[in-house]
Amino acid sequence: MVTIAQIDELLSRWAPGELAESWDNTGLLLGDRHAGVQRLMTCLTVTPAVVDEAIARQIDLVVAHHPLPFRPLSQITTDSYPGKLLWRLATHHIAVFSLHTRYDSAAAGINQQLAEKLGLDDIQPLEASPTPPGQDALATLGRGRWGRCRLPQSIYELAAHLKQLLQVKHLKFVPGGSDEIRSVACGCGSAGEFIRDAQRLRCDLLVTGEATFHTCLEAQAAGVGMVLTGHYPSERFAMESLAERIQQQIGPLQVHCSQAETDPIQWL
């Protein structure tokens, strides 16, 4: 039988722990690494609906993007939101593994996939990371991505393409200093801090999930356009592809992406 430790080894080859940000909490966060796994589920975030689904499907391991817990807990009780989720998972012997920022920055991680979906050429990290031991020295590792458009396009054309790719009806955008988009920076989730890298690399546009009002003002002043897809759409697709990749690599497992989780932010 496949063990959690073997899955940890596989995921760590794809997204090495060294790529995690210093403030992050990744790896096996709940469970026994020597336990066997027959059923695995990926998800973006462990929510009550995801826990219900995991219990109903008799899942052994949940591979989530966002960590649970994220911050240290002094008690694990049902008095707190994360404590209640962890207690329910533990009582049903369901382990939790998180990738988060190490998957963002991996060679085939979320930002790389997002840049490829946009059809960019010459894709490179916004901030390159050293190659960890055991990794391909030519692997493209680092925070964010940027690349060049194959043909110049307007922000409206690019936005229409993004809507189709991420299956969203609405996007927010900040107009930039150029009517034609020739180079694009990408940062999944909440990555407004990449606006300075985008400016440094002379990108016309930054695509990210969400950003603060003041970051949008900074982008406008710098002449760098922004498209805000929403946090959930900017990352969820990569958890679906991760489930497919794990299934292809480890045939005996039953692997699927959560069908219960949804974007908590809706439009009126």
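Numbers at a glance
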item	result
Cross-chain or 6+ apart pairs with Cβ under 8 Å, the stretch 165-179 first and of a type in the set (S, T, N, Q), then in a helix (DSSP H, G or I) and at pLDDT 95 or above	167/233
Residue list for the stretch 1-43, restricted to those being part of a loop (DSSP other than H, G, I, E, B) and among the basic types (Lys, Arg)	33
Matching residues, the stretch 9-38, being out of contact with any helix residue (DSSP H, G or I) (no Cβ under 9 Å at 6 or more places or on another chain) and crowded, with 16+ Cβ neighbours inside 10 Å	25
Given (1) more than 22 Å from residue 256 (Cβ to Cβ); (2) assigned to a loop (DSSP other than H, G, I, E, B), index of the condition residue 46 fails	(1)
The stretch 55-95: number of residues that are in a helix (DSSP H, G or I), in contact with a Lys or Arg (Cβ under 9 Å, 6 or more places away or on another chain) and either surrounded by 15 or more Cβ atoms within 10 Å (Cβ to Cβ) or not assigned by TED's automatic domain parsing to the domain that holds residue 42 (or both)	1
Residues that are of a type in the set (Val, Ile, Thr) and over 24 Å from residue 201 (Cα atoms), drawn from the stretch 145-172	168
Output for the stretch 149-179, where each listed residue is out of contact with any Gly (no Cβ under 8 Å at 6 or more places or on another chain), of a type in the set (D, E, K, R) and farther than 19 Å from residue 222 by Cβ	157, 163, 169
Scan of the stretch 55-73 for residues that are modelled with pLDDT of 95 or more and over 20 Å from the mean Cα position of the chain (by Cα), ordered by number	55, 56, 57, 58, 59, 60
Yes/no for residue 76 being modelled with pLDDT of 95 or more and among the aliphatic types (A, V, I, L, M)	no
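The values are calculated or read from the model by the stated rules, or taken from the named source; none is laboratory data. Here the structure is a predicted model, which is why all the values come from computation and not from measurement. Every residue, glycine as well, gets a Cβ built from its backbone with ideal geometry; the counts of neighbours run over all protein chains shown.
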